[in-house]
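S.K.: I have a structure here, written as structure tokens, and I will follow up with some questions on it.
The values are calculated or read from the model by the stated rules, or taken from the named source; none is laboratory data. Not measured: the values here are computed from a predicted model. As a convention, Cβ positions derive from the backbone with ideal geometry for all residues, glycine included, and neighbour counts pool all protein chains shown. What goes into the accessible areas is simple: the full protein's heavy atoms, side chains included, and nothing from ligands, DNA or RNA. Shrake-Rupley method; radii C 1.70, N 1.55, O 1.52, S 1.80 Å.
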Amino acid sequence: MKLLVNFSRKKGFEPLIAKTVMETGVLINVERAYIESMSGEVLIDVPDSEASKVCKKLREFGADVERLDNSVKRDENECIDCGECISICPQDVFYFDEEWSIQMRIERCVLCGKCTSACPHGALKLLQ
Amino acid sequence: MEKSIEEINNRIKNGSARVVTAEEIPDIVAELGEEGTLKEVDVVTTGTFGAMCSSGAFFNFGHSEPPIRMERSWLNDVEAYSGIAAVDAYLGATQESETQGINYGGAHVFEDLISGKSIELRASSKGTDCYPRKTLTTELLLEDLNQAVMCNPRNSYQRYAAATNSTENTLHTYMGTLLPGYGNISYSGAGCLSPLINDPNLKMIGSGVPIFLCGSKGMIIGQGTQSSPGSLFANLMTTGDMKEMSTEFLRAASFRGYGVSLYVGLGVPIPVTDIEVVRNVAVRDEDIKTSVVDYGVPSRNRPEIIEVSYAELKSGIVEIKGEEVKTSSLSSFKKARQVANELKLWVEKGEMTLCLPTRKSDASVKVRPMRESKRTPSVREIMNTNVTCIKEEEEIKTAAKKLLRDETNHLPVINNEGKVVGIVTTYDISKAVVRETKQNKVSEIMSRNIVTTSPEEAVDIAAMKLERNNISALPVVDKDGHLQGLLNAIDLGKLFGRRWMK
């Protein structure tokens, strides 16, 4: 499961993710990180069964945690099932089913946004 | 055995015609044989749904009171061509909005009109005795127009070259986003379902033939502009009534970094009259070859990287130089199937009868490039050949002296073999001075990531390199990387200044 973790520098320079790994014993995969001068946002992937434990710990350390279930939204009225998104996505989220309809493996998405600007029909949007 | 078109039309009218799609026919031919198929199948329907930039529509708005002879006109801020008398205009699909740029264009106006939205028509004129009105603004629905006739100069290419990109930068093209280092392949066309693939000799597909055009019952005018059947790149000029069209089969699109385009759904029914028709419609994706070309080369003649079949392109992975490369389709095969199936229904229900082309098409025609009476200047003609350069092991101070002496800002850096390995600018030196670093060799402060040009390159391409990379000079190097000169933005400015003055 993907979790979007927001933290503020005001709470110090604690190694938040490392501490969470140490204390929960859950292996966290960091997929993207944006660090600004006063705050940061990190996208992490954790096993579904461990998600609540990780959320709880991160919140104890003062971070805001949001579960991402549908990170990219495909507008089925705009999408014409061309497949332009397929080769653009670094995570292989998109694929054709047997009927040549676009399907998504949404759990792989890391919110990079490459597909949203490549889609000629403006059918893909990142949530938030 | 042969079947006449009258025979086929009689079967269509009494509901007994056997109609199949171009995707279904190869298996039928394999099973029944050519003679058996000719006896059994009457019509094969084709279909494609893809970006067809070369599309547009004629509109007649009706006369205003007092009347106007529109000289310029805009639909939702997208300019239409109105040099065709009083209240007519032709709107091209790729024309961009004057206020929204590539996010809205002619194609979007069509989609809005067809989906029932109102469009603002704005027009201006100098005013005459017979047409006194000078300006006009009004809201219009598709139903308010006397005519809205789609008339597309170049649709439904037989096949398309697929695109890839050898450079280190992402390219934004009409073939979509092309990732660096052969990162992906983008292709277009419906393969075995494409109309012209099923009639390469243009015997059944030509002037006057009825077609499916964006949901309307349209017609082929003839071969399209730039049609090149002799090199297997034929295309069609088509027309259809926009009032019968559906957004199910017509969509506007915006390609990042390129512009607006129109997705057109188009299908041609092919009457199965003789064995040659059977052989042609039996084509499979495996049989349809096209080239994958390098869009990283900014030339009319882009080099072919590999030849592939549509079957390989549709498989999702193609191998380039030993590496697996993902493919993306720009056109929709799902929608192409829908077009062919919808057309099949029309013919089965007797809603569309067929005809043979009213004029013969020359299938040997090949498109020619533009004859240019003025040669595009090359970098050689404006580059500065009297260039000072410096070796990488020399001192920064020496570089500074050379820059001052020659009153220049750019110093190409060469290695012992005379190859260009970097560039030092006055900015690099200022930085080194301000930071008071201990560096003292040119190689320590030069930019190694250099953008170069060659003597043969067109100045337009060199100018684009300067603009894209936000730099003001390019070292000019030959094939072996040896310095030939320096191209400065100021030299380019002088050249373009002269060109525009004329």
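S.K.: Counting only Cα atoms, I'd like the Rg/Rh figure for region B:62-145, Kirkwood definition for Rh.
M.R.: 0.98
S.K.: Continuing with this model, one more query. With N denoting the number of residues in chain A, provide Rg(C-alpha) divided by 2.2 N^0.38 Å, to two decimal places.
M.R.: Relative to the 2.2 N^0.38 Å estimate, chain A comes out at 1.21.
S.K.: Using only C-alpha positions, report the orientation-averaged shadow area of the convex hull of region A:72-126, nm², one decimal. Don't jump to the answer; show the numbers that get you there.
M.R.: Values: hull surface 13.2 nm².
Over every viewing direction, the Cα hull of region A:72-126 projects on average to 3.3 nm².
S.K.: Over the Cα atoms, compute the radius of gyration (one decimal) and Dmax (the largest Cα-Cα distance, rounded to a whole number) for chain B, in Å.
M.R.: Radius of gyration, then largest Cα-Cα span, for chain B: 28.8, 93 Å.
S.K.: Let me ask another. If I take R0 = 45 Å and measure r between the Cβ atoms of residue B:426 and residue B:341 in this structure, what FRET efficiency does the formula 1/(1 + (r/R0)^6) give, to the nearest 0.05?
M.R.: Working: r = 67 Å, r/R0 = 1.48.
E(calc), rounded to 0.05, equals 0.10.
S.K.: Further question on the same structure: Just subtract the alpha-carbon distance of residue B:34 and residue B:139 from 0.36 nm times their residue separation and send over the number in nm, one decimal. Numbers along the way, then the final one.
M.R.: On the way: separation 105, 0.36 × 105 = 37.80 nm, distance 5.64 nm.
My answer for the length gained is 32.2 nm.
S.K.: Here is a follow-up. What net charge is computed for the residues neighbouring residue A:43, neighbours being all others with C-beta under 9 Å from the C-beta of residue A:43, Lys and Arg scored +1, Asp and Glu -1?
M.R.: Once positives and negatives cancel, what remains is -1.
S.K.: Would you mind computing Rg(Cα) / (2.2 N^0.38 Å) for region B:272-407, counting N as its residues?
M.R.: Working: Rg = 28.0 Å, N = 136, 2.2 N^0.38 = 14.2 Å.
Output field value: 1.97.
S.K.: Stick to the Cα atoms of region A:2-68, pair each with every other, and give me the Kirkwood hydrodynamic radius in Å at one decimal.
M.R.: 11.8
S.K.: Could you tell me how many cubic angstrom of Cα convex hull volume region B:256-343 has per residue? Please list the in-between numbers first.
M.R.: On the way: hull volume 13.9 nm³, N = 88.
Once divided by residue count, the hull of region B:256-343 is 158 Å³.
S.K.: Related question: Take every Cα-Cα distance within region B:189-243, group them into 10 Å bins from 0 onward, and report for each bin the whole-number percent of pairs it holds.
M.R.: 25, 55, 19, 1
S.K.: So how exposed is residue B:5, as accessible area in Å² (1.4 Å probe, rounded to 10)?
M.R.: That residue has around 20 Å² of solvent-accessible surface.
S.K.: Shifting gears a bit: Pop a pseudo-label 7 angstrom from the Cα along the beta-carbon direction at both residue B:458 and residue A:99 and give the gap in nm to one decimal.
M.R.: With each label point 7 Å from Cα toward Cβ, the separation is 4.6 nm.
S.K.: Here is a follow-up. In debye to the nearest 20, how big a dipole does region B:223-327 give about its Cα centre with +1 on each Lys and Arg Cβ and -1 on each Asp and Glu Cβ?
M.R.: Values: 11 positive and 15 negative charges, 85 e Å.
With Lys and Arg at +1 and Asp and Glu at -1, about 420 debye.
S.K.: Show me the ranking of peptides B:307-319, B:336-348 by mean Cβ neighbours inside 10 Å, starting with the highest.
M.R.: Working: B:307-319: 17.8, B:336-348: 21.6.
Result, highest mean Cβ count within 10 Å first: B:336-348, B:307-319.
S.K.: What number of lysine-lysine pairs in region B:379-501 show an alpha-carbon separation below 24 angstrom, given a sequence spacing of 8 or more or placement on distinct chains?
M.R.: 25
S.K.: Right, another one. Amide H neighbours of residue A:28 under 5 Å, at least 5 residues apart or on other chains, H built in the peptide plane: list them.
M.R.: Correct list: empty.
S.K.: What average number of partner chain Cβ atoms lie no more than 10 Å from the Cβ of the residues making up B:175-185?
M.R.: That average works out to 3.
S.K.: Residue B:419 versus residue B:479, label points 7 Å from Cα toward the beta carbon: distance in nm?
M.R.: 1.6
S.K.: Also, quick follow-up: Nearest 0.05, what FRET efficiency do residue A:59 and residue B:5 give at R0 = 56 Å with Cβ-Cβ as r?
M.R.: Values: r = 75 Å, r/R0 = 1.35.
The pair residue A:59/residue B:5 has a calculated efficiency of 0.15.
S.K.: Additional query: I need the phi-derived Karplus couplings for region B:260-269: 6.51 cos²θ - 1.76 cosθ + 1.60, θ = phi - 60°, integer Hz, Gly and Pro marked x.
M.R.: Values per residue, Gly and Pro as x: 8, 9, 10, 8, 10, x, 9, x, 10, x Hz.
S.K.: Sticking with this one: Along the Cα-to-Cβ line of residue A:8, 7 Å from the Cα, sits a label point; which residues in region A:43-65 have backbone N less than 18 Å from it?
M.R.: What the label zone holds, given the 18 Å backbone N cut-off, is A:58-65.
S.K.: Solvent-accessible area of residue B:81, probe 1.4 Å, all protein chains present, reported in Å² to the nearest ten, please.
M.R.: Result for residue B:81: roughly 140 Å² accessible.
S.K.: Sticking with this one: Run the reach check for residue A:125 against lysines, Cα to Cα strictly under 16 Å, same-chain hits fewer than 8 apart removed. What comes back?
M.R.: A:73, A:114
S.K.: Taking the convex hull of the Cα atoms, report for the protein assembly as shown its projected area averaged over all directions, in nm². All intermediate terms of the calculation are to be shown ahead of the outcome.
M.R.: On the way: hull surface 156.2 nm².
The number I arrive at for the protein assembly as shown is 39.0 nm².
S.K.: Apply the Karplus curve 6.51 cos²θ - 1.76 cosθ + 1.60, θ = phi - 60°, to the phi angles in region A:24-29 and return the couplings in whole Hz, x for Gly and Pro.
M.R.: 9, x, 8, 7, 10, 9
S.K.: Turning to a different aspect of this structure: Mind grabbing the accessible area of residue B:144 for me, 1.4 Å probe, Å², rounded to tens?
M.R.: 70
S.K.: Let's see if you can work this out: charge +1 on each Lys and Arg Cβ, -1 on each Asp and Glu Cβ, no other charges. What is the dipole magnitude of region A:8-84 about its Cα centre, in debye to the nearest 20?
M.R.: That gives a dipole near 700 debye.
S.K.: Taking just the alpha-carbon atoms of region B:379-501, what radius of gyration and Dmax come out, in angstrom?
M.R.: 14.6, 50
S.K.: Report the FRET efficiency, 1/(1 + (r/R0)^6), for residue B:469 and residue B:151, where r is their Cβ-Cβ distance and R0 is 30 Å, rounded to 0.05.
M.R.: My answer for the efficiency is 0.10.
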